[in-house]
Amino acid sequence: MLKVGLTGGIASGKSVVGDMFAGLGAHVVQADRIAHSLMQPGEAVYNEVVRHFGGEILNPDGSINRSKLAEAAFGLSSSAEGQRASRIEELNRIVHPAVLRSQEEWMCAIGAQDPKGVAILEAALILEAGAGKRFDRLIVVTCNPEQRAARFAARQKIDLESARKEVARRMAAQLSDEEKIKSADYVIDNSGPLEKTREQARHVWEKLRAEAEQS
């Protein structure tokens, strides 16, 4: 089985590309969905996140409000840069090890089910977490800054200027596209029409599938 990491900056279109690969026959899982399941009430990760970030990140039903958690981790002003970095690292230390364990379990299950398959993990922070070497191949999805902001604005239902600021703030905690590309086996530029992105995904898929068959 071929293990593939799919990554890219915020609002680059990773999930769209992941869906394209799934449609072509890949086994795809999102790290964000794994993290979401681990942060449900009663889970060890949930308890640690609440202990470190406080009850103000909770919804009335006790579930974690993802927007409030993001604000607690990313939301400090630039004048408090060191403190903000510390809070982001704190969140990553709690969540990443558990997510990585779940990812490995998922990969093992897929390998047993489909030994010649392609298993793709979609995650924003593969390289930042030092997890790049866990994969046989790495795909980086990119897009231009203005499209990134526009997509984020549409997703969060906020104005474009607010989106630009929020994207810049979150991107500051991630490697730049240029840095991610240095580690990539394949790069998919999601700046153009979806059909162009789909064409690139098909091209990459052919290579991944051929490699998996030979493994």
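None of the figures in this text is laboratory data; all of them are computed from the coordinates on show. Owing to the predicted nature of the structure, the values given are computational and were not obtained by experimental measurement. All Cβ positions, even for glycine, are placed from backbone atoms using ideal geometry, and neighbour counts span all protein chains on display.
Per-structure values
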item	result
Proximal aspartates and glutamates relative to Lys68, as straight alpha-carbon distance under 17 Å, when same-chain residues fewer than 8 apart are discounted	Asp32, Glu48, Glu56, Glu89, Glu90, Glu166
Percent antiparallel among DSSP beta bridges (both partners in the chain, rounded to 5)	5
Candidate lysines for bridging to Lys180, where Cα separation is under 20 Å - those fewer than 8 sequence places away on the same chain excluded	Lys3, Lys14, Lys133
Value in Å of the Kirkwood radius, where the stretch 86-215 supplies the Cα pairs that are averaged	16.8
Rounded Å value of the spacing that divides the Cα centres of the stretch 158-207 and the stretch 22-69	24
Cβ-based exposure ranking for Ile158, Ile120, Ile88, in which fewest neighbours within 10 Å come first	Ile158, Ile88, Ile120
Tail fraction, Cα-Cα pairs, the stretch 1-156, threshold 25 Å, whole percent	37
For the stretch 111-169, fraction of C-alpha pairs farther apart than 14 Å, in %	67
